[in-house]
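This report refers to the structure that appears directly beneath it.
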Amino acid sequence: MKPNVEEKQQKNDMLCWTILFEDDGVKDKVPVKEALDYWRSADVQPCNSERPFVDGVFISHAHFDHIQDVSFLDPSIPIYCTKQTEILAKAMSDVSPRGIDDQYYKLQKEAKITQKQSDYKVLCPGEYCLAENTKNKKPVILYPKTKFPFTHEVTPKYRTFNTDLKGKINGIKYELVLVGHSVPGACSVLLTLPDGKRVLYTGDIRFHGAGEVSIDDYVKTIGGNVDVMITEGTRVDSDNVITEEQVGKDITQDIDACDGLVLISFGWKDLTRFKTVYEATKANKRTLVILPKLAYLLYEMHCNFPKEYLDPRKMDNLKVYLRREGELLYSVADYDKCKWKLGYLHFHGRNMSRDDRNLVRIAERLGKGGDVNNPKNPLPPNDETCNYREIYDLALSHLKEGIRAYHIRQNPQQYVLMFSFWDANELFDLIPQEGKHDTRYIAASTEPFSEEMEIDETKMFKWMDYFNIKYETEKGKVFKRRHVSGHASKAEIEKVIRKINPKILIPIHTTNPEKFKDIYPEEKIKYPKYGEPIEL
């Protein structure tokens with residue numbers, strides 16, 4: 001039987017590959033014929049999960065412009081990166097909203113189209129909706145940080161990460177070469193093809209951070225010339241080089257010159273900058289107050305790399321900022337939908353089934369709520385494997401130990417507060433409504449590099465001016481930065497390229513690819529063109 005014209009047409013309709021067309025009732029309610037362009041996508045084919053076309057994807061580091069599109073890969077395709085990048089991706093996933101583009105680590109729960117019962121007391125009974133697939137038996141999963149069993153509604157699913165620094169994929173040898181950048185775990189990728197050709201992708205790279213790899217050490221690790229070098233060129237038009245050490249000295253002096261509260265902006269994933277700000281704060285005998293998501297990341301890194309990262313709960317001169325949520329009461333109930341803002345646990349477990357092993361049951365056992373003698377809520381023994389006190393303290397750490405706005409307002413000279421444009425509303429709680437104050441803002445993050453960021457910068461000036469907060473500017477109406485770029489300068493890029501001496505140079509991650517002809521023979525450069533393959 002030959003397919004008719006409509007069936008042929010539907011082969012290119014995106015909805016043909018989704019659960020929406022499994023039920024004729026749903027199909028009839030989708031306006032395919034009236035708005036075919038909504039559902040049509042040419043040259044798109046679903047991935048065969050048993051035999052995917054792609055053997056693996058390398059991620060150089062965990063900045064969104066490098067990792068976020070992993071969200072659209074089939075889960076059967078493994079991700080190759082460093083262990084630090086995997087942990088950072090997990091922390092980012094834990095503190096991010098659950099959306100279609102936030103599946104670079106944790107996958108969305110399985111869902112299906114269901115029909116509401118006709119007798120439901122809703123505005124539109126009998127209609128279709130998207131609902132999660134649940135099982136009758138609620139899965140109990142050991143939380144990796146604490147080894148405590150939590151009850152989940154649906155078993156969480158994660159992507160497959162391979163964090164071996166060396167290996168082989170379908171006959172191609174690979175090596176992940178650690179490099180410096182503005183997030184931990186950044187790496188270059190060195191491939192050796194079956195015919196012996198060597199291909200190097202630098203990733204985003206710098207050589208002027210704190211304690212990072214030098215150019216000579218990097219070239220030595222690469223181990224000789226390569227056939228193809230794919231290099232970033234973010235700052236190929238800049239010779240400016242500032243070290244992290246100099247940034248630390250400048251911030252230390254800025255804090256010392258302020259008699260009141262210091263607000264400082266820096267990326268929460270930039271743990272090198274965190275350390276710089278932290279040391280500058282301690283040098284001025286102040287307390288650095290950080291945002292909960294940075295505290296959460298630090299604890300994740302400590303759990304996985306205890307020799308490299310201290311436990312943030314035990315660090316001197318370090319506290320976590322507890323902003324008002326929900327009903328603005330600083331009540332534990334105000335934080336029920338954003339648990340990581342309350343402490344160091346992302347998932348607290350369910351609180352309805354009889355055999356729950358979550359914080360509600362822990363609270364009962366500790367006498368902090370509920371009924372410890374409640375027979376419907378049994379708890380396993382409080383032993384080495386299940387330390388209730390530790391779990392409870394982790395979950396409520398920020399509520400118990402955090403610094404609130406009124407604490408800072410009472411003694412502003414004692415604190416340096418991590419602060420960004422997205423925290424501007426906190427100024428109403430932080431800045432006294434009456435009387436003078438000596439508050440200073442330090443920009444220790446990157447300059448605006450998009451129209452949206454330029455708009456945010458303009459808004460930030462208005463916030464600072466409205467609350468009479470001091471700041472420095474340069475280049476017109478732009479905050480003066482205490483910042484070192486995560487990218488190599490022109491001179492550094494040229495030195496690396498000439499030492500490695502590739503037969504073919506492919507510049508990417510740059511708005512000025514033509515600048516590479518100033519530092520390398522143009523006949524050896526191949527400029528990428530959209531949609532066109534490059535023959536090696």
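The values are calculated or read from the model by the stated rules, or taken from the named source; none is laboratory data. Just so we're clear, the structure is a prediction, and the values are computed from it rather than from any experiment. Here the Cβ positions follow ideal geometry from the backbone for every residue, glycine too, while neighbour counts run over all protein chains shown. Only protein heavy atoms, including side chains, enter the accessible area calculation; ligands, DNA and RNA are left aside. Shrake-Rupley method; radii C 1.70, N 1.55, O 1.52, S 1.80 Å.
Based on what the data block shows, is D204 of a type in the set (D, E), within 18 Å of H181 (Cβ to Cβ) and open to solvent by less than 20 Å² (accessible area, probe 1.4 Å)?
yes
With respect to S450, determine if the residue is under 26 Å from T231 (Cα atoms) and either surrounded by 16 or more Cβ atoms within 10 Å (Cβ to Cβ) or among the aliphatic types (A, V, I, L, M) (or both).
No, not satisfied.
Output the qualifying pairs, or none if there are none: Cβ atoms under 7 angstrom, residues six or more apart or on different chains, first residue in the stretch 406-424 and more than 18 Å from N284 (Cα to Cα), second residue part of a loop (DSSP other than H, G, I, E, B).
Taking only residues 6 or more apart or on different chains, the pairs are R409/P432.
Taking the stretch 128-160, which residues are farther than 26 Å from L359 by Cα and either free of Cβ contacts under 8 Å to residues at least 60 places away in the same chain or surrounded by fewer than 15 Cβ atoms within 10 Å (Cβ to Cβ) (or both)?
Matches in the stretch 128-160: C129, L130, A131, T160.
For the stretch 309-334, enumerate the residues that are part of a strand (DSSP E or B) and open to solvent by 60 Å² or more (accessible area, probe 1.4 Å). Quick ask: steps written out before the conclusion?
Within the stretch 309-334, the subset part of a strand (DSSP E or B) is 318-321.
Correct list: K319 only.
Against the condition crowded, with 17+ Cβ neighbours inside 10 Å, among the basic types (K, R) and farther than 22 Å from K293 by Cα, how does R481 come out, does it pass?
Against the criterion (crowded, with 17+ Cβ neighbours inside 10 Å, among the basic types (K, R) and farther than 22 Å from K293 by Cα), R481 qualifies.
Against the definition (in contact (Cβ under 8 Å) with a residue 60 or more places away in the chain and in contact with a Lys or Arg (Cβ under 9 Å, 6 or more places away or on another chain)), how does A444 come out, yes or no?
Details: in contact (Cβ under 8 Å) with a residue 60 or more places away in the chain: yes; in contact with a Lys or Arg (Cβ under 9 Å, 6 or more places away or on another chain): yes.
In short, yes.
So which residues in the stretch 196-215 are modelled with pLDDT under 95 and among the acidic types (D, E)?
Within the stretch 196-215, just E212 meets the criteria.
So the check is Cβ under 6 Å with 6+ separation or different chains; which pairs have a first residue in the stretch 75-100 that's at pLDDT 95 or above and a second one that's in a helix (DSSP H, G or I) and open to solvent by 30 Å² or more (accessible area, probe 1.4 Å)?
Hits for this filter: I87/N304.
For residues in the stretch 10-54 being under 21 Å from K112 (Cβ atoms) and of a type in the set (S, T, N, Q), which is modelled with the lowest pLDDT?
Q10
Inspect the stretch 92-112 for any residue being of a type in the set (V, I, T), under 28 Å from D28 (Cα atoms) and under 19 Å from the mean Cα position of the chain (by Cα) and give the result as yes or no.
Yes, some residue in the stretch 92-112 is of a type in the set (V, I, T), under 28 Å from D28 (Cα atoms) and under 19 Å from the mean Cα position of the chain (by Cα).
For K337, only one of the following conditions fails: (1) of a type outside the set (A, V, I, L, M); (2) open to solvent by 10 Å² or more (accessible area, probe 1.4 Å); (3) touching a Phe, Trp or Tyr at 6+ places or on another chain (Cβ under 9 Å). What is its number?
Result: K337 fails condition (3) only.
Quick check on the stretch 256-270: of everything there that is more than 15 Å from I290 (Cβ to Cβ) and hydrophobic (A, V, I, L, M, F, W, C), which residue is most open to solvent (accessible area, probe 1.4 Å)? Write out each step before concluding.
At the first step, the residues of the stretch 256-270 found to be more than 15 Å from I290 (Cβ to Cβ) are 256-260.
The next check asks that each one be hydrophobic (A, V, I, L, M, F, W, C); those that pass are 257-258.
Working: A257: 70, C258: 8 Å².
The selected residue is A257.
Restricting attention to the stretch 477-491, which residues are farther than 18 Å from E244 by Cβ and part of a helix (DSSP H, G or I)?
Selection gives K490 alone.
If we keep just the residues of the stretch 447-476 that are in contact (Cβ under 8 Å) with a residue 40 or more places away in the chain and part of a loop (DSSP other than H, G, I, E, B), which is nearest to R206 (Cα to Cα)?
I469
Given (1) touching a Lys or Arg at 6+ places or on another chain (Cβ under 6 Å); (2) hydrophobic (A, V, I, L, M, F, W, C); (3) surrounded by 18 or more Cβ atoms within 10 Å (Cβ to Cβ), where does L107 come up short, assuming only one miss?
The failed condition is (3).
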